[in-house]
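**Student:** So that we are looking at the same thing, I have put the structure below in structure tokens.
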Amino acid sequence: MTTTTPHKVLIADDEPLARERIRRLVEALPGYQVCGEASDGHQVLGLVADGNPDVVLLDIRMPGMDGMEAAERLAALVNPPAVIFCTAYDHYAINAFEVQAVAYLLKPVRREALAEALARAGRVNRMQLQAMQAREHNSGEQLAIKSHRGTELIEMEQVYYCEADQKYVTVHHNQGETLTDHTLKELEARFADHLLRIHRHTLVGVRFIRRLARDHDGHWFLELTGRANRLPVSRRHAANVREWLNEHLPTPD
């Protein structure tokens, strides 16, 4: 007898009673498991980055970052969860399609409507999974960072390098730079498949590594695809970097 892993569902609503009711509806349906609850959009982005849910049941009117803005940010991910809006207002329906929502349910949500929407979300996620498997097996990992612009979700595949400076780390990515209080050690441990240590102050995104170079004074530097600046490689880490290059780039420049 084979068992299938239940689909993970994240519930987002600023009203505890609404979350409780949605949870009961979800848990009454076979094949689904509630993996977390959020009360605003910032919590949604953090829980998506940490828990990788299959589906997000998302209210629209929430304090701080609302559901529509959270859905816009989720839609930009490489492998986004399916979004189902659950709201008391019907005038957001057109906007819901713009952020690629699977369904738009009006409160009070009916069990039959929720079951149908979740089934539709499952079909969408299967297509996303097939597309993701055609890409690198590590795709779709994100880092959630709270900044002055709100919560940002950064695709790890788009990170050029992370540089420590005193108390903070600057993440350089395809959309610019973001400051975080995550340490390099934490990032290195969590995203070992994406980041390589080249200096006690620096981690680089492995998919952008182009070649290792040496100047006239014997100092090592790493050149990255799409970046003009060269990153210094410490003597302590030079051997590990060369080993990585020999394993992953057998014919360097």
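**Student:** Need the full-extension length gain, Q166 to D50, defined as separation in residues times 0.36 nm minus the C-alpha distance. One decimal, nm.
**Tutor:** Extending this stretch completely gives an extra 39.2 nm.
**Student:** Hey, got the Cα dimensions of the chain along the principal axes, in Å, largest first?
**Tutor:** If we take the Cα atoms of the chain, the spans are 71, 47, 29 Å.
**Student:** Here is a further query. Say we join alpha carbon atoms closer than 10 Å with springs in a Gaussian network model of the chain; which of L74, L231, L57 then has the biggest fluctuation?
**Tutor:** Largest GNM mean-square fluctuation: L231.
**Student:** Also: Of R227, R211, how do they rank once you tally other Cβ atoms within 10 Å and put the fewest first?
**Tutor:** R211, R227
**Student:** Give me the tail of P(r) for the range 1-55 as a percent: Cα-Cα pairs with distance above 14 Å.
**Tutor:** 53 percent
**Student:** Ok, one more. Using only the Cα atoms of the range 154-248, what do you get for the radius of gyration and for Dmax, in Å?
**Tutor:** 12.6, 37
**Student:** For the range 154-248, what does the relative contact order come out to in percent, with C-alpha contacts under 8 Å and a separation of six or more?
**Tutor:** That works out to 20 percent.
**Student:** Neighbour counts of other C-beta atoms within 10 Å: give me D13, D54, D181 arranged from fewest to most.
**Tutor:** Neighbour counts put them in this order, fewest first: D181, D54, D13.
**Student:** Now for a separate question. Sort T183, T202, T4 so that the residue with the fewest other Cβ atoms within 10 Å of its own Cβ comes first and the one with the most comes last.
**Tutor:** Lowest count first: T4, T183, T202.
**Student:** Work out which helices of the chain, taken as complete DSSP H runs, extend at least 30 Å along their axis over the Cα atoms and score a mean Kyte-Doolittle of -1.0 or more, then list them.
**Tutor:** Correct list, ordered by number: 111-133.
Readers should treat all values here as calculations from the given coordinates under stated rules, not as data from a laboratory. Quick caveat: nothing in here was measured; it's all calculated off a predicted structure. A quick note on method: Cβ atoms are made from the backbone with ideal geometry, for glycine too, and the neighbour counts reach across all protein chains shown.
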